[in-house]
1. Take the alpha-carbon centre of the range 195-221, take the same for the range 37-94, and report the distance between them in whole Å.
2. With just the Cα atoms of the range 1-129, tell me how far they stretch along each of the three principal axes, in Å, largest first.
3. List the pair-distance distribution P(r) of the chain, using every Cα-Cα distance, as the percent of pairs falling in each 10 Å bin from 0 up to the bin containing the longest distance, rounded to whole percents.
4. Taking 0.36 nm per residue of separation and subtracting the Cα-Cα distance, what length does fully extending Ser230 through Arg30 add?
5. Using heavy-atom solvent-accessible surface (probe 1.4 Å) with all chains present, what is the largest-first order of Lys44, Lys17, Lys49, Lys105?
6. Quick one: ranking Asp164, Asp215 by accessible area, 1.4 Å probe, largest first, what do you get?
7. Compute from the Cα atoms of the range 179-221 the Rg and the Dmax, the latter being the longest Cα-Cα distance, and quote both in angstrom.
8. How do the peptides 34-42, 73-81 rank, highest first, by the average count of neighbouring beta carbon atoms within 10 Å per residue?
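The values are calculated or read from the model by the stated rules, or taken from the named source; none is laboratory data. Here the structure is a predicted model, which means the values were calculated and not measured. FYI the Cβ positions are ideal-geometry reconstructions off the backbone, even for glycines, and counts take in every protein chain you see. Side chains are part of the model used for accessible areas, which takes the heavy atoms of the whole protein and leaves out ligands, DNA and RNA. Shrake-Rupley method; radii C 1.70, N 1.55, O 1.52, S 1.80 Å.
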Amino acid sequence: DVMIELQQVSKLYRGQKTPAVEDVSMTIRRGEIVVLVGPSGCGKTTTMKMINRLIEPTSGRIMVDGSDVTSLDPTELRRRIGYVIQQVGLFPHMSVATNVGLVPKMLGWDRKRIDARVDELLHLVGLEPGQYRHRLPRQLSGGQQQRVGVARALAADPPVMLMDEPFGATDPLTRDRLQNEFLRLQEKLQKTIVFVTHDFDEAIKMGSRIAVLGDRSSIRQFDTPERLLSN
Ligand code: ADP
Ligand code: ADP
């Protein structure tokens, strides 16, 4: 049951001599957490942005849930794909609740349904709604902001989650806790997840399969954590 497919995808940024991503093909099945791990600059973020159609591949094709991403309008994309990034990207002047409810609002949900969903999500990520829904991002710790980022990405219950160094900005202890909580959540949610990190330990912990990337995102190994560790 294929959920995401990259078919010979390349990206050459304008003005660059070498491609950031070159001829990458990959198949991701429903319910997997596939981790892309590799050094800084190897093209992980570029790959994520192409899956989310923030940038276009120079060549190749990307399928998500049976559709070529170039055929999906922004609303359909957000219905299918939740995106979590390291710098969270919460709107600083908007409350936690408004941030979390952005995509449902864009999808035209009514106010009552949005409010109920926001409370459900905050609860899900371990933030007491009564205490946190009216706060501004700057009134939260880094770890709490990351939780809000995860809640926002989950808001419209997309089948796919793209997580780019989602816990990267937090201290080691908070990071460990967020990882554990997210894995527990995923047992319930069964999302298809692409997770980017440059930290091999995090890859081993989070991945059901791990793609070890080299230059231009060339796939050096692609296997389960158990098999990678035994080699
Ligand atoms: P990673 O996420 O693995 O750190 P990136 O995808 O961010 O790698 O970057 C891959 C390569 O593409 C790097 O050499 C980076 O400098 C380059 N790059 C990224 N974004 C752009 C851009 N907008 N324009 C030109 N080059 C870029
Ligand atoms: P990340 O890998 O987490 O995206 P970077 O610092 O590499 O962090 O990139 C930050 C932003 O700058 C990204 O939006 C990326 O597309 C852009 N960028 C990265 N490298 C380049 C580059 N060489 N030229 C232009 N823009 C770049």
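1. 17
2. Answer, in whole Å and largest first: 49, 31, 25 Å.
3. Going from the shortest bin to the longest, the percentages are 8, 33, 36, 19, 4, 0.
4. Values: separation 200, 0.36 × 200 = 72.00 nm, distance 2.54 nm.
Full extension from Ser230 to Arg30 adds 69.5 nm.
5. Accessible-area ranking of Lys44, Lys17, Lys49, Lys105, largest first: Lys17, Lys105, Lys49, Lys44.
6. Asp215, Asp164
7. 11.7, 35
8. For the peptides 34-42, 73-81, the packing ranking is 34-42, 73-81.
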